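Colleague: Sharing a structure, written as structure tokens. Questions coming.
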Amino acid sequence: NPYAGLVSHLRASWLSGKTRPMEYRVAQLEALGRFLDDKKQEILEATELDMGKPSFEAFFSEILLCKNELNVTLNNLCHWMKDEHVDKNLVMQLDSAFIRKDPYGVVLIIAPWNYPIQLFLVPLIGAIAAGNCAIIKPSEISKNTERLVAETLSCYLDSDCFAVVTGGVPETTRLLENKFDYIFFTGTPPVGRIVMTAAAKHLTPVTLELGGKNPCYVSDTCDVTNVARRVAWGRFFNAGQTCIAPDYVLCTIEMQEKLMPAFRAAITEFFGPNPRESPDFGRIVSDKQFRRLRGLLGSGRVAIGGQTDEAERYIAPTVLADVLPSDPAMQEEIFGPILPIVVIANMDEAIDFINARPRPLAIYAFSCDSKVVNQVLERTSSGGFCGNDTLMQVTLTSLPFGGIGNSGLGKYHGKFTFDTFSHHRGCLHRNMGLETLNTPRYPPYTQQKLGLLTSTFEVKRRGTCTLL
Amino acid sequence: MESMQQIVARARAAFRSGRSRPLEFRIQQLKALERMVQEKEKEILAALKADLDKSGPNAFSHEILGVLRELALTMEKLPSWAAPHPVKKDLLTLRDKAYIGYEPLGVVLVIGAWNYPFVLVMQPLIGAIAAGNAVVVKPSEVSENTARLVAELLPQYLDKDLYAVVTGGVPETTELLTQRFDHILYTGNSAVGRIVMAAAAKHLTPVTLELGGKSPCYIDKDCDLAVACRRITWGKYMNCGQTCIAPDYILCDPSIQSKVVENIKATLKEFYGEDVKSSPDYERIVNQRHFRRVKSLLEGQKIALGGETDEASCFIAPTILTDVSPESKVMEEEIFGPVMPIVAVQSVEEAIEFINLREKPLALYVFSNNKQLIRRVIAETSSGGMTANDVIMHSVVPELPFGGVGHSGMGAYHGRFSFETFSHRRACLVKDLRWEVVNKLRYPPGSMEMVHL
């Protein structure tokens, strides 16, 4: 196996213990910060070449969000690493019971192309913070960023403990044959299955950040202007190539009517009369994706946008009206700047529509009536939820970010990334004395001993539950 | 005979009805389980006696007491566990509601093991019910009396559609695993653990695997050997060694090896009397297949104590092997029987190296008066869990997560960790439709000046 040597090398470094001291982890994390500062321009340029990512967006998602995660981690690492002492019962008062955060060892991080820096760097922050060694596999589709990371990351991180592997499907397949102690994958559900199947051979735990169709319910009582802006922003950010983008809108026919001019206004406000000329609107990452997206334009009718240019891989910010559940745009995650509107009669129908489909990474609900927002929240299931806005639930580092069902398993961001990459080990340090206290548990077993054991180990109900 | 597909479909329809979600319902079901354990205590103890020859008091303390405790703890804490957890907000979200909501996953599968057949099905079930899920329970067919009893009792006390029991062996379990679940908790061995995870991968189902391994026990020269050996003897020979967190083998300096043997011998007499075979408190190996497996581990070994076997009753005497070679068969697989190999090491460094060269175990034990040494062993090794100066006991602290790492498993449960294992932590952010001016900062057209704000 072409990567066996590399994995062994990292494993040897891991076994040497060098990634464990806090000082080492802090030094590596600070180096990552310097990577983001020094290479800011190169990152903006590479992502622009890869998918026409506007500098403003690239700065926000690839630099700013990453630095936030870095700072949250550096500010709290000492606290997160500490043993968590837990409550004990009567017999163990002289003992020490705590949860130790152990690193796993050598972890693998596989990143996708749409936010090519953030989606390897934020997991890496947690992996390093938790004391692991890591192999990073950036996406070959965002090839300029891939090259940047492969060529420069090693100048910042300890190459005995952290390595970048490049390549496509064959290389990733071979890489996955090796034993890792944790695998963190961001990508599509079909590949998620392949990764988890490979992990099963080695009993390697995984986090899978996948995707799906994120529904966006817009109720009849709402401020149309603001709704349109927030939905448009979420949909057209990165030219729609965002795993948590609002994928489609559910609303009544009257609301569809009202939304259209509001969407038009928002798009013009954001990108000017000709979005193709706006520096703030991105492009599609590849010809394959471009052609796939162009094929979806036949769904419903094009109410806004619809223009494309193959040479530039440009697809205009597009809103499709009267889309049917059977249309092509409703068969797969869109991952492009196309927003279908599916008309439903009322909120109940919208909720049924959502629940009849695989659970998505995010659900959005817009209403001036908080009861409506709560209803949608309570009667559906998704990775995360945002009421009256889009995307923002992932910018708060204190909220876990992850999917459910087809949209993924596991979660990260903030402390959740550190926890993802640590093994929480239950530890009990007992006193060698007071051996008489142990007598009730030893044979020969008697009813009397059992009585003693029961009274010392039992948890008694404190009184009747007020709910009943 | 209902098919697996029909059983799971019924559970899913029952879950979709929403009735398992209200806390009142969940607590009512848990109370019913509590009644079941209290009312059917005799039947449960009889099943355990038939399956593993466990004596009444032993079975009660190892299986029933733990279940009652878990039920009481869960019913007490459920309202606080299930409540939304508000989170720290930032400048942009100050006016918003931000919290983590705990939601059920859906239909979960619990696959039990035969060595503690009642508690290993009940404890996960308690957590799964508490988290609001529908549950399919598959007890181990090897402990057939307990499996049959669980299949009879659960429908008498719990909602029949939400909580189903499936019995059977490998073919039935294989078919069950083709169905889609929203979480699978499996207790058993690593080989089957791989099969379960591979099956789960097809549906992207998260798994908790409670597996096993060889749990090492390092005895330092500086320790109270009499106390250490009494505690080790208890943990090793309970349930005839068939405990996933039993101390599997001892590592110690050759100079104390014979004292260790002496102390264990004295303790065994204290526990089981002169004739172990006639003690009501000493169990038997679960079946002929395992009897033969454990017996074969004695071949070619230096037996310092015990070694007597009787195939007809699946009896294997408490046995100690000394000067065991690390390459021998008894040091390759998890013993899961009343055989204790002692491997000589010259120092704690050598012990740590020995442990680290092998797969990460489910439990790790170290006995020493030297707190520094203990800290060092903890810091330089990894294991699912561990206890210093005792064995087994970390698994009974309700606030400690119980689970493996590496080949010994993934995920954890017990107490609130069971609840969390079977819940989805959903990030919720609820904003206002007003205050649009704050959002303007993020909208295009963007400029670097805006960014520096």
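The values are calculated or read from the model by the stated rules, or taken from the named source; none is laboratory data. Quantities reported herein were computed from a predicted structural model and do not represent experimental measurements. Please note: Cβ atoms are built from the backbone with ideal geometry, for glycine as well, and neighbour counts cover all protein chains shown. Accessible surface areas use protein heavy atoms only, side chains included; no ligands, DNA or RNA. Shrake-Rupley method; radii C 1.70, N 1.55, O 1.52, S 1.80 Å.
Colleague: Give me the distance between the Cα centres of region B:1-68 and region B:89-137, rounded to whole Å.
Modeller: Between the Cα centres of region B:1-68 and region B:89-137 lies a distance of 16 Å.
Colleague: Working from the pairwise distances between different alpha carbons, so that the mean of 1/r is found and then inverted, what is region B:345-410's Kirkwood radius in Å?
Modeller: The answer is 12.4 Å.
Colleague: How large is the Kirkwood hydrodynamic radius of region B:183-257, counting all unique pairs of alpha carbons, in Å?
Modeller: Every distinct Cα pair counted, the radius reaches 14.8 Å.
Colleague: Also, quick follow-up: Rolling a 1.4 Å sphere over the protein heavy atoms, what is the accessible area per residue of chain A, to the nearest Å²?
Modeller: 36 Å²
Colleague: Would you work out the relative contact order for chain A, in percent, from Cα pairs under 8 angstrom that are 6 or more residues apart?
Modeller: 18 percent
Colleague: Report the residues of region A:267-302 in range of a label on A:ASP322: point 7 Å along Cα→C-beta, backbone N strictly under 14 Å from it.
Modeller: In region A:267-302, the label zone of A:ASP322 (backbone N under 14 Å from the point 7 Å along Cα→Cβ) covers A:299-302.
Colleague: Dipole of region A:143-201, Cα-centred, from +1 at each Lys and Arg C-beta and -1 at each Asp and Glu C-beta, to the nearest 20 debye?
Modeller: Dipole of region A:143-201, to the nearest 20 debye: 320 debye.
Colleague: If the chain between A:ARG301 and A:LYS371 were fully stretched, how many nm would it gain, using 0.36 nm times the residue separation less the Cα-Cα distance?
Modeller: 22.0 nm
Colleague: Another question, then. Please report the antiparallel percentage of the DSSP beta bridges confined to chain A, to the nearest 5.
Modeller: For chain A, the DSSP antiparallel bridge percentage is about 35.
Colleague: Could I have the simple spin-label model distance between A:LYS288 and B:LYS277, label points 7 Å from Cα toward Cβ, reported in nm to one decimal?
Modeller: Taking the simple label geometry, A:LYS288 and B:LYS277 are separated by 7.0 nm.
Colleague: Given +1 on the Cβ of Lys and Arg, -1 on the Cβ of Asp and Glu, and no further charges, what dipole in debye does region A:263-324 carry about its Cα centre, rounded to the nearest 20?
Modeller: Value, rounded to 20: 260 debye.
Colleague: Just to be sure I understand: of the beta bridges DSSP finds with both ends in the protein assembly as shown, what percent are antiparallel, rounded to 5?
Modeller: In the protein assembly as shown, DSSP labels about 35 percent of beta bridges as antiparallel.
Colleague: Further question on the same structure: Assuming R0 = 35 Å, can you tell me the calculated FRET efficiency for the pair B:GLU39 and A:THR456, based on Cβ-Cβ distance, to the nearest 0.05?
Modeller: Working from the Cβ atoms, E equals 0.90.
Colleague: Can I get the semi-axes of region A:118-215's equivalent ellipsoid? Compute them from the C-alpha gyration tensor as square roots of 5 times the eigenvalues, in angstrom, largest first.
Modeller: Its equivalent ellipsoid spans semi-axes of 21, 17, 14 Å.
Colleague: Under Stokes-Einstein, with the Kirkwood radius over Cα pairs standing in for Rh, what whole-number D in µm²/s applies to region A:215-406 at 25 °C and 0.890 mPa s?
Modeller: It diffuses with D of about 148 µm²/s by this estimate.
Colleague: Once the Cα gyration tensor of region B:50-182 is diagonalised, what are the square roots of 5 times its eigenvalues, in whole Å and ordered largest first, as equivalent ellipsoid semi-axes?
Modeller: Taking √(5λ) for each eigenvalue gives 35, 19, 12 Å, largest first.
Colleague: Roughly speaking, to the nearest percent, how much of region B:313-453's 1.4 Å accessible area is carbon and sulfur?
Modeller: Looking at region B:313-453 in its full context, I get 55 percent from C and S.
Colleague: Measuring from centroid to centroid over Cα atoms, what is the spacing of region A:53-111 and region A:157-223 in Å?
Modeller: Their Cα centres are 20 Å away from one another.
Colleague: Let me ask another. Okay, helix-only estimate at 222 nm for chain A: each DSSP H run of n ≥ 4 adds -39500 (n - 2.57), divide by all residues, round to 500 deg cm²/dmol; what do you get?
Modeller: That calculation yields -12000 deg cm²/dmol at 222 nm.
Colleague: Separate question: Say R0 is 60 Å: what FRET efficiency, to the nearest 0.05, do A:THR173 and B:ARG19 get from their beta-carbon distance?
Modeller: In this case the efficiency is close to 0.85.
Colleague: Rounded to whole Å and sorted largest first, list the principal axis extents of the Cα atoms in region A:321-438.
Modeller: Its Cα atoms span 76, 31, 25 Å along the three principal axes.
Colleague: Next question, about the same structure. Out of every Cα-Cα pair in region A:1-123, what percent are more than 21 Å apart?
Modeller: That tail contains 57 percent of the Cα-Cα pairs.
Colleague: Consider just the alpha-carbon atoms of region A:257-334 and return their Rg together with their Dmax, both in angstrom.
Modeller: 12.8, 35
Colleague: Does the protein assembly as shown classify as rounded, prolate or oblate by the C-alpha gyration tensor (a ≥ b ≥ c root eigenvalues; a/c under 1.5 gives rounded; else a/b over b/c gives prolate, otherwise oblate)?
Modeller: prolate
Colleague: How much net charge surrounds B:SER328 when only other residues with a Cβ under 12 Å from its Cβ are counted (Lys, Arg +1; Asp, Glu -1)?
Modeller: Here the charged neighbours net out to -3.
Colleague: Taking the Cα of A:ALA150, stepping 7 Å toward and past its beta carbon, and measuring to each backbone N in region A:122-136: which are under 19 Å?
Modeller: Correct set: A:134-136.
Colleague: Still on this structure: Just flag the chymotrypsin sites (Phe, Trp or Tyr not before Pro) in region A:338-386 sitting in loop per DSSP whose Cβ has no more than 11 other Cβ atoms within 10 Å.
Modeller: none
Colleague: Using the structure shown, select from B:LYS42/B:LYS295; A:LYS67/A:LYS137; A:LYS137/A:LYS288; A:LYS39/A:LYS137 the pairs with a Cα to Cα distance greater than 23 angstrom.
Modeller: Beyond 23 Å between Cα atoms: B:LYS42/B:LYS295.
Colleague: Does region B:323-453 come out rounded, prolate or oblate, given a ≥ b ≥ c as the square roots of the eigenvalues of its C-alpha gyration tensor, rounded meaning a/c under 1.5 and, failing that, prolate meaning a/b above b/c?
Modeller: The shape class here is prolate.
Colleague: How far apart, in nm, are the 7 Å Cα→Cβ label points at B:LYS302 and B:SER255?
Modeller: It is 1.8 nm.
Colleague: Calculate the all-directions average of the projected area of chain A's alpha-carbon convex hull, and give it in nm².
Modeller: For the Cα atoms of chain A, the hull's average projected area reads 27.7 nm².
Colleague: Any idea of the total accessible area buried by the A-B contact, 1.4 Å probe, rounded to 100 Å²?
Modeller: That pair hides around 9200 Å² of surface in total.
Colleague: Evaluate region A:288-382: find the radius of gyration of its Cα atoms, find its Kirkwood radius, and give the ratio Rg to Rh.
Modeller: We get a ratio of 1.02 for region A:288-382.
Colleague: Could you tell me the relative contact order of chain B? Use alpha-carbon pairs under 8 Å, at least six residues apart, and round to a whole percent.
Modeller: Relative contact order here is 18 percent.
Colleague: Then there's this: Using only alpha carbons, build the gyration tensor for chain B and give me the equivalent ellipsoid semi-axes, biggest first, whole Å.
Modeller: 43, 30, 19
Colleague: Compute the distribution of all C-alpha to C-alpha distances in region B:216-396, in bins of 10 Å from 0, and list the percent of pairs in each, rounded to whole numbers.
Modeller: 10, 41, 37, 11, 1
Colleague: How far apart, in nm, are the 7 Å Cα→Cβ label points at B:LYS371 and B:LYS202?
Modeller: Result: 5.4 nm between the two label points.
Colleague: Could you give the length gained by full extension between B:SER80 and B:ARG358, i.e. 0.36 nm per residue of separation minus their alpha carbon distance, to one decimal place?
Modeller: 96.0 nm
Colleague: Which value, in debye to the nearest 20, describes the size of the charge dipole of chain A about its Cα centre when Lys and Arg Cβ atoms bear +1, Asp and Glu Cβ atoms bear -1, and nothing else is charged?
Modeller: Using Cβ point charges on Lys, Arg, Asp and Glu, chain A gives about 1520 debye.
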